[in-house]
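Okay, so here's the structure we're looking at.
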Amino acid sequence: MPPRTQSRSSETNVGALLGEHLRRARIASGYRSQDALASALGTDRSVVTKSETGERPPNVSVLTAWLDACEITGQLRAVLEGLSKLARTREGPVKQWVAPWFETEAKAHTLRYWAPVIVPGLVQTPAYARELFAAMGQDEGKVSELTEVRMGRQAILDRPDLPDVTIALWEPVLHHLIGSPEVMRNQLARLVELSARPRILIHILPGKLGANAGLGGAINLAATGDAAELLLSDGLVEDQLTNDPALVRKASTTFNGVRADSLPRSDSRNVIMEAMERWSD
């Protein structure tokens with residue numbers, strides 16, 4: 001296979017500059033091919049290739065393993081770690097247009113999620129998230145990056161000033177196989193654990209009710225004290241982010257509708273536990 005074309009200049013692109021240093025470190029350490037280093041790191045060759053071209057800077061775990069394998073220490077290691085942080089900030093896995101959602105979500109005092117298809121990202125387990133990203137056709141490196149970002153969001157749930165979180169789940173979500181029965185069982189156990197926390201409400205909308213107002217797609221609403229409520233909603237091709245009052249009000253009405261038809265907190269927990277037991281069979 002011919003070498004991958006370097007599409008970014010190390011003179012103008014931080015990711016490409018980092019990649020050039022990593023390539024040199026690889027060769028100087030005796031890893032003459034990208035395959036050899038990938039094998040040593042326990043990852044796919046595409047992760048090494050995209051790191052060296054600057055197309056996708058390595059995540060923290062891959063970079064650490066890379067520097068260890070190449071025995072990079074001292075000042076050079078500190079410089080490469082700094083370049084990595086800068087490159088991943090500029091070319092991170094999260095699209096820039098959705099960054100305001102994560103910023104608002106992180107400081108919100110009230111969060112509301114309606115989920116008719118999958119468990120919301122804020123309460124996913126790492127294994128469940130990885131299976132979803134892999135199913136989207138992402139390669140191993142991208143899956144790791146996206147999962148790392150998603151897990152980072154969950155720091156919200158451990159804030160001293162925990163926001164009020166309300167999640168309404170359509171019951172079929174509990175029965176959609178994502179990954180394996182073990183992945184599903186652990187994911188539902190996570191929901192049960194979170195539902196016991198004082199300010200986290202998880203409600204199940206029974207599947208037997210049939211069609212409901214929320215079947216148009218997932219709804220994510222975040223309210224802070226210094227800005228209009230923000231809406232992140234499902235789109236056919238790409239999610240939509242807006243604080244338009246009319247659209248936020250419409251989404252809020254939909255959320256309130258499905259929430260009103262959902263089971264109480266304790267009954268919802270029982271439904272989740274029953275589904276968890278079925279995944280154990």
message = Let me make sure I get this right: for region 230-281, a, b and c are the square roots of the gyration tensor eigenvalues over alpha carbons, sorted descending. Under 1.5 in a/c it's rounded, otherwise prolate if a/b > b/c, else oblate. Which is it?
response = oblate
ask   = Going by a ≥ b ≥ c, the root eigenvalues of the Cα gyration tensor, does region 167-281 fall in the rounded group (a/c under 1.5), the prolate group (a/b larger than b/c) or the oblate group?
value = prolate
ask   = Assigning unit charges at the beta carbon (Lys, Arg +1; Asp, Glu -1) and nothing else, what dipole magnitude in debye, to the nearest 20, does region 222-278 show about its Cα centre?
value = 240 debye
MRE, 222 nm, helices only [DSSP H, n ≥ 4, -39500 (n - 2.57), over the chain, to nearest 500] = -15500 deg cm²/dmol
task = Take the solvent-accessible surface of the protein heavy atoms, probe 1.4 Å, and return the percent of it on the chain that carbon and sulfur atoms account for.
result = 54 percent
Dipole of region 173-281 [Lys/Arg +1, Asp/Glu -1 at C-beta], most positive-end residue of Leu177, Thr242, Gly257 = Gly257
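What's the extension gain from Ser33 to Asn270 if we count 0.36 nm per residue and subtract their Cα-Cα distance?
Here the segment from Ser33 to Asn270 would lengthen by 79.9 nm.
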request  = Please get the size of the charge dipole for the chain, origin at its Cα centre, with Cβ charges of +1 on Lys and Arg and -1 on Asp and Glu, quoted in debye to the nearest 20.
outcome  = 260 debye
task = Decide, for region 123-235, between rounded, prolate and oblate: order the square roots of the alpha carbon gyration tensor eigenvalues as a ≥ b ≥ c, take rounded if a/c falls under 1.5, and otherwise choose prolate if a/b is larger than b/c, else oblate.
result = rounded
query = Out of Gln75, Phe102, Ala135, whose Cα points farthest toward the positive end of the dipole of the chain (charges: +1 Lys, Arg; -1 Asp, Glu; placed on Cβ)?
reply = Gln75
ask   = How far apart, in nm, are the 7 Å Cα→Cβ label points at Lys208 and Glu182?
value = 3.4 nm
query = In nanometres, what is the gap between the two model label sites at Leu247 and Gln75, each 7 Å from Cα along Cα-to-Cβ?
reply = 5.1 nm
query = Given that just one value was derived from the coordinates, which of (1) 0.99; (2) 1.04; (3) 0.93 is Rg/Rh (Cα atoms, Kirkwood Rh)?
reply = (2)
task = Name the most mobile residue of Ala127, Ala223, Ala135, meaning the one with the largest mean-square fluctuation, in a Gaussian network model of the chain with Cα contacts below 10 Å.
result = Ala135
key: Stretch gain in nm, segment Leu162-Ala65, where the contour uses 0.36 nm per residue and the Cα spacing is subtracted   = 31.5 nm
request  = Between Ala168, Ala155, Ala16, find the one with the highest GNM mean-square fluctuation for the chain; connect C-alpha pairs within less than 10 Å.
outcome  = Ala155
ask   = For region 48-174, what is the accessible area per residue in Å², given a 1.4 Å probe and the full set of protein chains?
value = 42 Å²
query = Along the charge dipole of the chain, which of Pro206, Ser61, Leu221 sits closest to the positive end, that is, farthest toward it, with unit charges on the beta carbon of Lys, Arg, Asp and Glu (+1, +1, -1, -1)?
reply = Ser61
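The values are calculated or read from the model by the stated rules, or taken from the named source; none is laboratory data. Treat the numbers as computed from the prediction; the structure is a model and nothing was measured. Here the Cβ is made from the backbone with ideal geometry for all residues, glycine too, and neighbour counts use every protein chain on show. For the accessible areas, the whole protein counts, side chains as well, though only heavy atoms, and no ligand, DNA or RNA atoms are used. Shrake-Rupley method; radii C 1.70, N 1.55, O 1.52, S 1.80 Å.
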